[in-house]
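Every number here is computed from the coordinates shown, using simple stated rules; none is lab data. As the structure is a computational prediction, the values presented were derived from the model and not from experiment. Here the Cβ positions follow ideal geometry from the backbone for every residue, glycine too, while neighbour counts run over all protein chains shown.
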Amino acid sequence: MLRLPTAPNELRDEPSNRLGLDFAAEAARFPSLGYGIIDIHSHINGTEASAVWAPIARAYGVEKTFSMSRLEDVPMLRERFGESIEFIAVPDWYAKDKRVGHGTDYLARIEKFRELGCRIVKFWNAPRFIDFGVEAGDKDMLALDGALRIEQMKLAERLGMICMTHVADPDTWFEAKYTDTAKYGRKLDHYTPLRKALDRFTMPWIAAHMGGFPEDLGFLDTLLEAHPNLHLDTSATKWMVRELGRHSRSEILGFLERWRGRILFGTDTVTTDEHLREGDKSSEMGKKATSREGANDLYASRYWALRMMWEGSGEVTSPISDPDLAMVAPDKHGPLDGPMLRGLDLPPDLLRVLYRDATLALLARA
Ligand SMILES: [Zn+2]
């Protein structure tokens, strides 16, 4: 049995390692599964950072990782990591002209990704897509039911690809960040375009981060029931640990049993060379680590927490700080606090479907 550790008396002020764990030693504590885990959702980038990441993923039992990497980095990553990495088509986020970058250039990139053997295409539609649209002069530019997206979905259909999308965001963000509802809509509004896409484009779909709604398993039941081509991935560690931790073990087990084969394990691991150095960073993500050791904890803590949640028993405060707690309840939490990490101790056969078999079956259909 895999027991969650007890928290030390003093928690550390380290957002990726509050418990002071030795993540390399911890990796050895996990039972050997007898099969490799497949991570359906990650963002592996950077020459140095990917070299830090790969042995950690291996140590935590991950055999294959699907990554949203820059098209330009695909040959390098493939040469280094061979069969253990596959790619998910993404646009050029750094394109100066957003309309071109997310429009015609993305269409061309999808074709190139496909030529390189890629089987999944990503349509990022978190509410911040509206900010991108505003910047490009058209608020609805990236809407899932907009002309640009429809053209991309038609191409994906022609190329025989699976679609992955990120719709909505945590309830906490709608509570504290997207308060301008005239601009961002309400959380449920984001599911109308998704439902339309799922009906019109019948290829398999993966809605990331438990479909954006780990808060409400009943809502996900309705969505999965109405759309047989829909699958969910379990990626985004802080979000999943916090929100799945609010449901009882039997609710989550019931959900996973009901939707066996349609829930896919993912991590949302993000690696970038910015994690290995100090100084000015281009993104919030880049600020999450400033050294090789920091990057090591950042990457390893996600595998540790997710595997502990699915396989472990007992509970411990999460080793990962979750700033959303303080964002919605500043009177109760500090920015370094973390939620309770609750072990779900999944039965071995259900664990295997989640970790591996569901993704293999899905890919076999593509
Ligand atoms: Zn992601």
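Kindly put E115, E151 in sequence by how many other C-beta atoms sit within 10 Å of each C-beta, fewest to most. Before the final figure, lay out the partial values.
Numbers: E115 9, E151 14.
The order, fewest Cβ neighbours first, is E115, E151.
Using only the Cα atoms of region 1-74, build the gyration tensor, take square roots of its eigenvalues as a ≥ b ≥ c, and label the shape rounded, prolate or oblate: rounded if a/c is under 1.5, else prolate if a/b is larger than b/c, else oblate. List each step's numbers first, then the result.
Numbers: a/c = 2.79, a/b = 1.48, b/c = 1.88.
Because a/c hits 1.5 or more and a/b fails to exceed b/c, region 1-74 counts as oblate.
Anyone know which of E243, E284, E315 comes out most mobile in the 10 Å Cα GNM of the chain?
Between E243, E284, E315, it is E284 that shows the largest mean-square fluctuation.
Going by the alpha-carbon gyration tensor, a ≥ b ≥ c the square roots of its eigenvalues, is region 229-295 rounded (a/c under 1.5) or, if a/c is not under 1.5, prolate (a/b greater than b/c) versus oblate?
Numbers: a/c = 3.84, a/b = 2.55, b/c = 1.51.
Here region 229-295 falls in the prolate category.
With a/c under 1.5 counting as rounded, go ahead and sort region 23-365 into rounded, prolate or oblate using the C-alpha gyration tensor (a ≥ b ≥ c being the square roots of the eigenvalues; past the cut-off, prolate if a/b is larger than b/c, else oblate). Let's see the in-between values first.
Details: a/c = 1.23, a/b = 1.17, b/c = 1.05.
Since a/c stays below 1.5, the shape of region 23-365 is classed as rounded.
Take L244, L298 and order them by how many other Cβ atoms sit within 10 Å, fewest up front. Don't skip to the end; give the middle numbers.
Working: L244 22, L298 25.
Listed from fewest to most nearby Cβ atoms, that is L244, L298.
Order these peptides, 79-85, 144-150, by their mean beta-carbon neighbour count within 10 angstrom, highest first.
Working: 79-85: 13.4, 144-150: 18.6.
Top to bottom by mean Cβ count within 10 Å: 144-150, 79-85.
What are the membrane-span-like helices in the chain by this rule: whole DSSP H runs, Cα extent along the axis at least 30 Å, mean Kyte-Doolittle hydropathy at least 0.0? Write down the numbers at each step before the final one.
Working: long enough: none.
Going by DSSP H runs, there are no hits.
What order do you get for M203, M161, M76 when you list them from fewest to most C-beta neighbours inside 10 Å?
Working: M203 17, M161 22, M76 13.
By the 10 Å Cβ count, ascending, the order reads M76, M203, M161.
So, by mean Cβ neighbours within 10 angstrom, what's the order for 246-255, 163-172 with the highest one leading?
Working: 246-255: 14.4, 163-172: 22.7.
Peptide ranking by packing, descending: 163-172, 246-255.
Which of the peptides 120-131, 100-111, 331-342, 54-65 is most tightly packed, and how do the rest follow, going by the mean number of other Cβ atoms within 10 Å of each residue? Spell out each step's value before the answer.
Values: 120-131: 21.2, 100-111: 17.8, 331-342: 16.2, 54-65: 19.5.
Highest to lowest by the protection proxy: 120-131, 54-65, 100-111, 331-342.
Hey, how many Å between the Cα centroid of region 303-366 and the Cα centroid of region 183-246?
17
Cβ under 12 Å from G160's Cβ, G160 left aside: what net charge do those residues give with Lys, Arg +1 and Asp, Glu -1?
Values: positive: R114, R119, R158, R365; negative: E157.
Result for the local shell: +3.
Amide H neighbours of S313 under 5 Å, at least 5 residues apart or on other chains, H built in the peptide plane: list them.
Under 5 Å from the amide H of S313 lie the amide H atoms of L2, R3, L4, each far enough along the sequence or on another chain.
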